[in-house]
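Data first, discussion second: the structure below is written as structure tokens.
The values are calculated or read from the model by the stated rules, or taken from the named source; none is laboratory data. The structure displayed is predicted, hence computed values, not measured ones. For neighbour counting, all protein chains shown are included, and Cβ atoms are generated from backbone atoms with ideal geometry for every residue, glycine included. The area values use the complete protein model at the heavy-atom level, side chains included, leaving out ligands, DNA and RNA. Shrake-Rupley method; radii C 1.70, N 1.55, O 1.52, S 1.80 Å.
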Amino acid sequence: MGLTLEAVAIKDPIGDQLDYQSAEYRDAYSRINAIVIEGEAEAHSNYLQLAELMPDKFTEDLKRLAKMEDRHKKGFIACGKNLSVTPDMDFAEKFFAELHNNFQTAFAIKDIVTCLLIQSLIIECFAIAAYNIYIPVADAFARKITEGVVKDEYTHLNFGEVWLQNHFAESKEPLEQANRQNLPIVWQMLNQVEADAKVLGMEKEALVEDFMIQYGESLGKIGFNTRDIMRMSAMGLAG
Ligand code: Y39
Ligand code: FE
Ligand code: FE
Ligand code: FE
């Protein structure tokens, strides 16, 4: 009895209806898959750049995180190949351009707080939300890969949380400023992929909800109060 109920609960009704071989699915996948591959590649290089900025005692950790991102990228490339999809990398590069530029600008002035906010908080929370929403509707091959990846992303998020928590007093203002500049970009990015995500069985509302929960929880761990969290996590989120 209990077993039957559980089996029903984990079977996703949307997942069952998806035709992973349809032209529509594969077309949408060519963009979402590219975004994830590009995101993982940029995350790899962002952690290597953070290793340059941060004190030596973090170098080993950051290189380990970078290596994980490189592995993630390879996993998602395999997911695209498995569906015979060619990822639209031009689209993906443009998709990340604004966040990428902001990270590079912060790196150039050795602004660790902004770099961590962009990569370890915003991008990791975006990844965690997207991967958690994707897993129940993914094809069996991609599901397995994504389940392994999402565990790592929590480790990456934790790295940023711990450092920012330990430097909260001096990071509070710059974090609010960097949040104001970068969070609206994420909501715009989400709007750009809303239609493609839906074809893959992922609803924008679910992505927003998951992101907000994850990001809010992180801001809380770092030291922000509930009022700050509400204000910060809705920044730039239009209806
Ligand atoms: O740290 C990481 O591994 C993050 C780079 C990966 C970003 C993944 C971005 C996912 C956005 C997908 C949007 C689908 C609706
Ligand atoms: Fe990753
Ligand atoms: Fe990540
Ligand atoms: Fe990551």
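Name every residue in the stretch 124-168 that is more than 13 Å from the chain's Cα centre (by Cα) and of a type in the set (D, E, K, R), in order of residue number.
Scanning the stretch 124-168 gives D139, R143, K144, E147, E161.
Condition check ((1) touching a residue at least 40 places away in the same chain (Cβ under 8 Å); (2) of a type in the set (G, A, S); (3) open to solvent by less than 10 Å² (accessible area, probe 1.4 Å); (4) assigned to a helix (DSSP H, G or I)) across all residues:
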| residue | (1), (2), (3), (4) |
| --- | --- |
| F126 | yes, no, no, yes |
| Y131 | no, no, no, yes |
| L164 | yes, no, yes, yes |
| A169 | no, yes, no, yes |
| R180 | yes, no, no, yes |
| L183 | yes, no, yes, yes |
| A197 | yes, yes, yes, yes |
| L207 | yes, no, no, yes |
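One residue is enough: does the stretch 141-152 have a residue meeting the conditions part of a helix (DSSP H, G or I), open to solvent by less than 40 Å² (accessible area, probe 1.4 Å) and of a type in the set (D, E, K, R)?
Scanning the stretch 141-152, I find at least one residue that is part of a helix (DSSP H, G or I), open to solvent by less than 40 Å² (accessible area, probe 1.4 Å) and of a type in the set (D, E, K, R), so the answer is yes.
Which pairs turn up if I take residues in the stretch 142-160 that are under 13 Å from E40 (Cβ atoms) and look for partners that are open to solvent by 40 Å² or more (accessible area, probe 1.4 Å) and assigned to a helix (DSSP H, G or I) with beta carbon separation below 7 Å, at least 6 apart in sequence or on another chain?
Note: pairs meeting the criteria are V150/N132.
For P136, indicate whether it is under 18 Å from A28 (Cβ atoms), in contact (Cβ under 8 Å) with a residue 60 or more places away in the chain and open to solvent by 30 Å² or more (accessible area, probe 1.4 Å).
In short, yes.
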